[in-house]
Amino acid sequence: MRTGSPRGGVQPPRRLTLATLGAGARHLAGSDPDLAAVLDRLGEPPLWGRNPGFPTLVRIILEQQVSLTAARTLYLRLVRHLGGVTPEAVHAAEVGGLRDFGLTRQKASYCHGLAARVLDGRLDLAAVARGPDDEGRRVLLEVPGLGSWSIDIYYLMALRRPDVWPQGDLALAAALHDVKHLGATPTREEQETIAAAWAPWRSVAARVLWAHYLDARGQYRPRSGIE
C-alpha cells in the first residue's frame, strides 16, 4: 500500500464516500489533463465499495489471478452452498469441502485458514479497521494468502482509504499505458512514480483508471454503490 501526505486541495477523509470521491475526482481533473479527459468522457467513477469484513477478504482471495467474473461465480457458489460466507461456515466446510465447490487447493486452504484466525481471535478485523493503517497492514500480512495487492484492495475498496495505490495491479498498468500514452506497459516502479503525483487521492485515480479499463473492453457500468 502506498500512502502520502496531502498536497493541497480538499483534505481527504479517512474513509471515502460518494461526496468525497467526487471532490477527489475534481481535484485530479484540475491537476492532470489525462485523467481529466477520462472524467470528461465517463464522468465520476463508481465508488466500488465493499463491506469490510470476512466475506470481502474471502472474495479478494478468490479474485487472485483469475477474472472478476470467475471469482464472482465461485463466491456466489459459496454463498449458495454454505448459506452465507461466514467464518463458521467456511471453517466447518474444511479444505476438502471448499474444493468441492470449485476452489483450488491453495485458495481453499487460504480461506479455511483465514476463517480459523478470525474464529480463534488471532485476527480481529474490527480492530484492523479502527486502528492505524500500518498496524492493520502488518497484521493482515501475517495471514497466508493475503499479499500486498490483496491488502491494498481491501484498504481501497472495503476500508475506502483515499490514498492507496494497489501494487502490481494489471488492469491499472494497462489503463496507464493507454491514458498516459506510454510506449510500453509501465513497470510496478513506473506505476508508483506516476501515481505519486496523485496523492492524496490515489484511490480515486485508481477508480478513474479502472473505469477506463472496463470501458475500453465494453464492460463499464456507471456509478453503483456497495457490491
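Since every read-out is calculated from the coordinates, none of them should be taken as a lab result. Predicted model, so just to flag it, every value in this text is computed and none were measured. As a convention, Cβ positions derive from the backbone with ideal geometry for all residues, glycine included, and neighbour counts pool all protein chains shown.
Of the residues 146, 156, which is assigned to a helix (DSSP H, G or I), on the phi < 0 side of the Ramachandran plot and surrounded by 15 or more Cβ atoms within 10 Å (Cβ to Cβ)? So that I can check it myself, show each step before the final result.
Working: 146 fails: assigned to a helix (DSSP H, G or I).
Going through 146, 156 in turn, just one is assigned to a helix (DSSP H, G or I), on the phi < 0 side of the Ramachandran plot and surrounded by 15 or more Cβ atoms within 10 Å (Cβ to Cβ): 156.
Give region 159-176 a look and list any residue that's buried (at least 16 other Cβ atoms within 10 Å of the Cβ) and part of a loop (DSSP other than H, G, I, E, B), or say none.
To start, the set of residues in region 159-176 that are buried (at least 16 other Cβ atoms within 10 Å of the Cβ) comprises 159-167, 169, 171-176.
Scanning region 159-176 gives 159, 160, 161, 162, 163, 164, 165, 166, 167, 169.
Residues of region 60-115 that are over 19 Å from residue 154 (Cβ atoms) and in contact with a His (Cβ under 8 Å, 6 or more places away or on another chain): 91, 93, 94, 95, 98, 101. Tallying residues that are over 18 Å from the mean Cα position of the chain (by Cα) and either among the acidic types (Asp, Glu) or assigned to a helix (DSSP H, G or I) (or both) within region 115-125 yields 7.
Tell me, please, whether a residue that is in contact (Cβ under 8 Å) with a residue 60 or more places away in the chain, under 23 Å from residue 175 (Cβ atoms) and not hydroxyl-bearing (Ser, Thr, Tyr) can be found in region 66-85.
First pass over region 66-85, keeping only residues in contact (Cβ under 8 Å) with a residue 60 or more places away in the chain: none.
No, region 66-85 has no match at all.
Report yes if residue 22 is of a type in the set (Gly, Ala, Ser), assigned to a helix (DSSP H, G or I) and in contact (Cβ under 8 Å) with a residue 24 or more places away in the chain, otherwise no. When the stated conditions are applied, residue 22 does not pass them.
If you go through region 125-141 and keep only what is acidic (Asp, Glu) and free of Cβ contacts under 8 Å to residues at least 12 places away in the same chain, you end up with 134, 135.
Within region 177-227, which residues are of a type in the set (Phe, Trp, Tyr) and either in a loop (DSSP other than H, G, I, E, B) or in contact with a Cys (Cβ under 7 Å, 6 or more places away or on another chain) (or both)?
Restricting attention to region 177-227, the residues satisfying the condition of being of a type in the set (Phe, Trp, Tyr) are 198, 201, 210, 213, 220.
Once the filter is applied, which keeps residues that are of a type in the set (Phe, Trp, Tyr) and either in a loop (DSSP other than H, G, I, E, B) or in contact with a Cys (Cβ under 7 Å, 6 or more places away or on another chain) (or both), region 177-227 yields 198, 201, 220.
In summary, residue 77 fulfils each of the numbered conditions (1) surrounded by fewer than 17 Cβ atoms within 10 Å (Cβ to Cβ); (2) out of contact with any Phe, Trp or Tyr (no Cβ under 9 Å at 6 or more places or on another chain) with the single exception of condition (2).
Checked against (1) more than 21 Å from residue 214 (Cα to Cα); (2) surrounded by 17 or more Cβ atoms within 10 Å (Cβ to Cβ), residue 45 passes all but a single condition, namely (1).
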